[in-house]
Amino acid sequence: DTAVSQTPKYLVTQMGNDKSIKCEQNLGHDTMYWYKQDSKKFLKIMFSYNNKELIINETVPNRFSPKSPDKAHLNLHINSLELGDSAVYFCASSQKGNQPQHFGDGTRLSIL
Amino acid sequence: DAKTTQPTSMDCAEGRAANLPCNHSTISGNEYVYWYRQIHSQGPQYIIHGLKNNETNEMASLIITEDRKSSTLILPHATLRDTAVYYCIVRVLNSGGSNYKLTFGKGTLLTVNP
(Lines give C-alpha, C1' and ligand atoms only; values in the text may rest on other atoms or scores of the structure.)
Protein backbone atom coordinates (compact mmCIF):
# COMPACT_ATOMS: atom_id res chain seq x y z
CA ASP A 1 0.00 0.00 0.00
CA THR A 2 1.40 3.37 -1.05
CA ALA A 3 1.41 5.78 1.91
CA VAL A 4 1.77 9.04 -0.03
CA SER A 5 0.84 8.83 -3.69
CA GLN A 6 1.17 11.49 -6.33
CA THR A 7 -0.30 11.61 -9.81
CA PRO A 8 0.89 11.91 -12.43
CA LYS A 9 4.43 10.62 -12.04
CA TYR A 10 5.52 12.41 -15.20
CA LEU A 11 4.01 15.55 -16.72
CA VAL A 12 5.24 17.04 -19.97
CA THR A 13 3.44 20.12 -21.22
CA GLN A 14 3.86 23.35 -23.10
CA MET A 15 4.60 26.78 -21.72
CA GLY A 16 1.46 28.73 -20.88
CA ASN A 17 -0.68 25.70 -20.06
CA ASP A 18 -2.47 25.08 -16.75
CA LYS A 19 -1.90 21.78 -14.98
CA SER A 20 -2.68 20.05 -11.69
CA ILE A 21 -0.80 17.53 -9.59
CA LYS A 22 -2.72 15.41 -7.12
CA CYS A 23 -1.54 14.01 -3.79
CA GLU A 24 -3.24 11.58 -1.45
CA GLN A 25 -2.06 10.06 1.81
CA ASN A 26 -3.60 7.06 3.55
CA LEU A 27 -1.66 7.44 6.80
CA GLY A 28 -4.32 9.43 8.62
CA HIS A 29 -1.92 12.37 8.95
CA ASP A 30 -3.09 15.88 9.74
CA THR A 31 -0.40 17.86 7.93
CA MET A 32 0.56 17.82 4.25
CA TYR A 33 3.27 19.61 2.27
CA TRP A 34 4.47 20.45 -1.20
CA TYR A 35 8.21 20.68 -1.90
CA LYS A 36 10.01 21.59 -5.12
CA GLN A 37 13.36 20.08 -6.18
CA ASP A 38 15.05 22.02 -8.94
CA SER A 39 17.65 20.94 -11.46
CA LYS A 40 20.43 21.57 -8.94
CA LYS A 41 18.72 19.12 -6.59
CA PHE A 42 17.87 21.70 -3.93
CA LEU A 43 14.68 20.70 -2.12
CA LYS A 44 12.54 23.59 -0.88
CA ILE A 45 9.20 23.84 0.90
CA MET A 46 6.39 25.54 -1.00
CA PHE A 47 3.22 25.03 1.02
CA SER A 48 1.89 23.23 4.05
CA TYR A 49 -1.65 22.52 5.19
CA ASN A 50 -2.77 21.35 8.61
CA ASN A 51 -6.31 19.95 8.71
CA LYS A 52 -7.13 21.75 5.46
CA GLU A 53 -5.79 25.07 6.76
CA LEU A 54 -2.83 26.76 5.04
CA ILE A 55 0.02 27.19 7.54
CA ILE A 56 3.09 27.65 5.34
CA ASN A 57 3.20 29.68 2.16
CA GLU A 58 6.77 30.34 1.10
CA THR A 59 7.71 32.87 -1.55
CA VAL A 60 5.98 31.13 -4.41
CA PRO A 61 4.44 32.83 -7.47
CA ASN A 62 0.67 33.14 -7.15
CA ARG A 63 0.40 31.02 -10.31
CA PHE A 64 0.76 28.14 -7.85
CA SER A 65 -2.41 27.43 -5.89
CA PRO A 66 -2.70 24.54 -3.45
CA LYS A 67 -6.10 23.09 -2.59
CA SER A 68 -6.94 20.71 0.23
CA PRO A 69 -10.47 19.28 -0.14
CA ASP A 70 -9.92 17.12 2.94
CA LYS A 71 -6.99 16.33 5.17
CA ALA A 72 -6.03 13.27 3.10
CA HIS A 73 -5.59 15.26 -0.10
CA LEU A 74 -3.45 18.21 -1.12
CA ASN A 75 -3.50 19.13 -4.78
CA LEU A 76 -1.32 21.67 -6.56
CA HIS A 77 -2.64 23.68 -9.47
CA ILE A 78 -0.24 25.67 -11.61
CA ASN A 79 -1.42 28.36 -14.04
CA SER A 80 0.46 29.73 -17.04
CA LEU A 81 3.36 27.33 -16.77
CA GLU A 82 6.84 28.75 -17.38
CA LEU A 83 10.12 27.10 -18.31
CA GLY A 84 11.43 27.70 -14.79
CA ASP A 85 8.66 25.56 -13.35
CA SER A 86 10.40 22.46 -14.66
CA ALA A 87 11.32 20.48 -11.55
CA VAL A 88 10.35 17.50 -9.44
CA TYR A 89 7.48 18.26 -7.06
CA PHE A 90 7.20 16.18 -3.90
CA CYS A 91 4.19 15.82 -1.67
CA ALA A 92 4.68 14.84 1.97
CA SER A 93 2.62 14.29 5.08
CA SER A 94 3.16 14.02 8.82
CA GLN A 95 1.02 13.12 11.82
CA LYS A 96 1.51 16.58 13.17
CA GLY A 97 3.67 19.41 11.88
CA ASN A 98 6.50 18.44 14.17
CA GLN A 99 6.58 14.72 13.36
CA PRO A 100 8.72 12.96 10.72
CA GLN A 101 7.49 13.58 7.20
CA HIS A 102 6.65 10.86 4.70
CA PHE A 103 7.26 11.73 1.07
CA GLY A 104 5.74 10.58 -2.19
CA ASP A 105 7.92 9.60 -5.13
CA GLY A 106 7.53 12.91 -6.88
CA THR A 107 6.01 14.34 -10.06
CA ARG A 108 8.52 15.19 -12.75
CA LEU A 109 7.26 18.29 -14.55
CA SER A 110 8.89 19.25 -17.83
CA ILE A 111 7.91 22.42 -19.67
CA LEU A 112 8.58 22.53 -23.40
CA ASP B 1 16.74 26.60 11.64
CA ALA B 2 20.45 26.20 12.36
CA LYS B 3 22.78 25.76 9.44
CA THR B 4 24.40 22.35 8.96
CA THR B 5 27.62 21.40 7.20
CA GLN B 6 28.15 18.00 5.62
CA PRO B 7 30.83 16.57 3.33
CA THR B 8 29.78 16.61 -0.30
CA SER B 9 30.44 12.92 -0.85
CA MET B 10 31.68 9.76 0.86
CA ASP B 11 32.42 6.19 -0.16
CA CYS B 12 31.89 3.04 1.83
CA ALA B 13 32.53 -0.64 1.16
CA GLU B 14 29.53 -2.94 1.19
CA GLY B 15 29.12 -4.64 4.55
CA ARG B 16 31.14 -2.04 6.41
CA ALA B 17 29.81 0.68 8.67
CA ALA B 18 29.11 4.03 7.06
CA ASN B 19 29.73 7.02 9.33
CA LEU B 20 28.26 10.27 8.04
CA PRO B 21 29.26 13.42 9.92
CA CYS B 22 27.31 16.63 10.33
CA ASN B 23 28.36 19.91 11.93
CA HIS B 24 25.70 22.13 13.47
CA SER B 25 27.73 24.46 15.69
CA THR B 26 24.95 27.08 15.98
CA ILE B 27 22.28 24.65 17.13
CA SER B 28 19.89 25.96 19.77
CA GLY B 29 18.86 24.13 22.90
CA ASN B 30 15.39 23.32 21.58
CA GLU B 31 16.50 22.16 18.12
CA TYR B 32 16.53 18.50 17.18
CA VAL B 33 18.85 16.80 14.70
CA TYR B 34 17.02 14.96 11.90
CA TRP B 35 18.40 12.70 9.21
CA TYR B 36 16.69 11.98 5.92
CA ARG B 37 18.00 10.31 2.79
CA GLN B 38 17.02 10.43 -0.86
CA ILE B 39 17.66 7.45 -3.06
CA HIS B 40 17.89 8.29 -6.76
CA SER B 41 14.49 9.05 -8.34
CA GLN B 42 12.64 8.63 -5.04
CA GLY B 43 11.26 10.97 -2.42
CA PRO B 44 13.21 11.71 0.77
CA GLN B 45 12.95 9.07 3.47
CA TYR B 46 13.04 9.75 7.21
CA ILE B 47 15.82 7.88 9.03
CA ILE B 48 16.14 9.04 12.62
CA HIS B 49 16.15 12.08 14.88
CA GLY B 50 17.43 13.04 18.33
CA LEU B 51 17.96 15.90 20.78
CA LYS B 52 21.01 15.07 22.87
CA ASN B 53 20.99 11.36 23.68
CA ASN B 54 22.24 8.80 21.20
CA GLU B 55 19.41 7.12 19.30
CA THR B 56 19.10 3.80 17.48
CA ASN B 57 16.39 2.31 15.33
CA GLU B 58 16.16 -0.43 12.74
CA MET B 59 17.80 1.72 10.09
CA ALA B 60 20.64 3.54 11.82
CA SER B 61 22.23 5.00 14.92
CA LEU B 62 22.62 8.68 15.70
CA ILE B 63 25.51 9.83 17.84
CA ILE B 64 25.32 13.44 19.09
CA THR B 65 28.33 15.03 20.78
CA GLU B 66 27.95 16.27 24.33
CA ASP B 67 28.10 19.92 23.25
CA ARG B 68 25.57 19.09 20.48
CA LYS B 69 27.63 20.92 17.90
CA SER B 70 28.03 17.87 15.71
CA SER B 71 26.54 14.45 15.11
CA THR B 72 27.24 11.24 13.20
CA LEU B 73 24.78 8.99 11.44
CA ILE B 74 25.92 5.38 11.46
CA LEU B 75 24.67 2.73 9.06
CA PRO B 76 26.13 -0.38 10.72
CA HIS B 77 26.30 -2.66 7.69
CA ALA B 78 25.97 -0.64 4.51
CA THR B 79 24.43 -2.29 1.45
CA LEU B 80 24.33 -1.19 -2.17
CA ARG B 81 20.76 -0.02 -1.59
CA ASP B 82 22.02 2.52 0.95
CA THR B 83 23.60 4.55 -1.85
CA ALA B 84 21.78 7.88 -1.56
CA VAL B 85 22.07 11.54 -0.61
CA TYR B 86 21.89 11.89 3.17
CA TYR B 87 20.56 15.11 4.66
CA CYS B 88 21.24 16.36 8.17
CA ILE B 89 18.61 18.88 9.28
CA VAL B 90 18.15 20.72 12.55
CA ARG B 91 14.76 22.06 13.51
CA VAL B 92 12.61 22.96 16.46
CA LEU B 93 10.32 20.05 17.36
CA ASN B 94 7.67 21.56 19.58
CA SER B 95 6.67 24.58 17.58
CA GLY B 96 4.10 25.38 14.99
CA GLY B 97 3.54 27.29 11.82
CA SER B 98 6.56 27.91 9.68
CA ASN B 99 8.73 25.72 11.90
CA TYR B 100 6.98 22.68 10.48
CA LYS B 101 9.03 22.91 7.31
CA LEU B 102 12.19 20.93 6.65
CA THR B 103 15.08 23.00 5.33
CA PHE B 104 17.26 20.75 3.20
CA GLY B 105 20.90 21.54 2.46
CA LYS B 106 23.07 19.87 -0.15
CA GLY B 107 23.56 16.68 1.84
CA THR B 108 26.22 13.98 1.48
CA LEU B 109 26.20 11.61 -1.45
CA LEU B 110 27.08 8.23 0.04
CA THR B 111 28.21 5.66 -2.49
CA VAL B 112 28.36 2.09 -1.27
CA ASN B 113 30.77 0.07 -3.39
CA PRO B 114 30.70 -3.72 -3.89
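The values are calculated or read from the model by the stated rules, or taken from the named source; none is laboratory data. Keep in mind the model is a prediction, meaning the values are calculated, not measured. All Cβ positions, even for glycine, are placed from backbone atoms using ideal geometry, and neighbour counts span all protein chains on display.
When the criteria are applied in full, A:Asn98 meets the requirement of being more than 24 Å from A:Val12 (Cα to Cα) and within 11 Å of chain B (Cβ to nearest Cβ).
Taken over the stretch B:65-83, the criterion of being closer than 17 Å to B:Thr111 by Cβ and of a type in the set (S, T, N, Q) is satisfied by B:Thr79, B:Thr83.
State whether one or more residues within the stretch A:17-25 are charged (D, E, K, R), in a strand (DSSP E or B), within 26 Å of B:His49 (Cα to Cα) and at pLDDT 95 or above. Within the stretch A:17-25 (the criterion being charged (D, E, K, R), in a strand (DSSP E or B), within 26 Å of B:His49 (Cα to Cα) and at pLDDT 95 or above), the answer is yes, since at least one residue qualifies.
Which residues, counting only those in the stretch A:47-70, are in a loop (DSSP other than H, G, I, E, B), of a type outside the set (D, E, K, R) and over 13 Å from A:Thr31 (Cα atoms)? Selection gives A:Thr59, A:Val60, A:Pro61, A:Asn62.
Going residue by residue through the stretch B:86-99, is there one that turns out to be touching a His at 6+ places or on another chain (Cβ under 9 Å), at the interface with chain A (Cβ under 8 Å from one of its Cβ atoms) and aliphatic (A, V, I, L, M)? The answer is yes, given that some residue of the stretch B:86-99 is touching a His at 6+ places or on another chain (Cβ under 9 Å), at the interface with chain A (Cβ under 8 Å from one of its Cβ atoms) and aliphatic (A, V, I, L, M). The single condition from (1) more than 9 Å from chain B (Cβ to nearest Cβ); (2) crowded, with 16+ Cβ neighbours inside 10 Å; (3) part of a strand (DSSP E or B) that A:His77 fails is (2).
Here's the yes/no breakdown for (1) more than 15 Å from the chain's Cα centre (by Cα); (2) hydroxyl-bearing (Ser, Thr, Tyr); (3) modelled with pLDDT of 95 or more:
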{"residue": "A:Lys44", "(1), (2), (3)": "no, no, no"}
{"residue": "A:Lys52", "(1), (2), (3)": "no, no, no"}
{"residue": "A:Ile56", "(1), (2), (3)": "no, no, no"}
{"residue": "A:Asn62", "(1), (2), (3)": "no, no, no"}
{"residue": "A:Asn75", "(1), (2), (3)": "no, no, yes"}
{"residue": "A:Tyr89", "(1), (2), (3)": "no, yes, yes"}
{"residue": "A:Asn98", "(1), (2), (3)": "yes, no, no"}
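Those strands (runs of 3 or more DSSP E) of the stretch B:1-109 in which 1 or more residues are small (Gly, Ala, Ser) and over 13 Å from the mean Cα position of the chain (by Cα) occupy B:9-13.
Just checking, how many residues over the stretch A:73-89 are in contact (Cβ under 8 Å) with a residue 60 or more places away in the chain and touching a Phe, Trp or Tyr at 6+ places or on another chain (Cβ under 7 Å)?
First pass over the stretch A:73-89, keeping only residues in contact (Cβ under 8 Å) with a residue 60 or more places away in the chain: A:78-83, A:89.
Subsequent filtering for residues that are touching a Phe, Trp or Tyr at 6+ places or on another chain (Cβ under 7 Å) retains A:78, A:89.
Matching residues across the stretch A:73-89 total 2.
Out of all the residues in the stretch A:40-61, is one or more within 11 Å of chain B (Cβ to nearest Cβ) and in contact (Cβ under 8 Å) with a residue 60 or more places away in the chain? No, the stretch A:40-61 contains no residue that is within 11 Å of chain B (Cβ to nearest Cβ) and in contact (Cβ under 8 Å) with a residue 60 or more places away in the chain. Inside the stretch A:23-42, residues that are surrounded by 24 or more Cβ atoms within 10 Å (Cβ to Cβ) and farther than 19 Å from A:Arg63 by Cα make up a count of 2.
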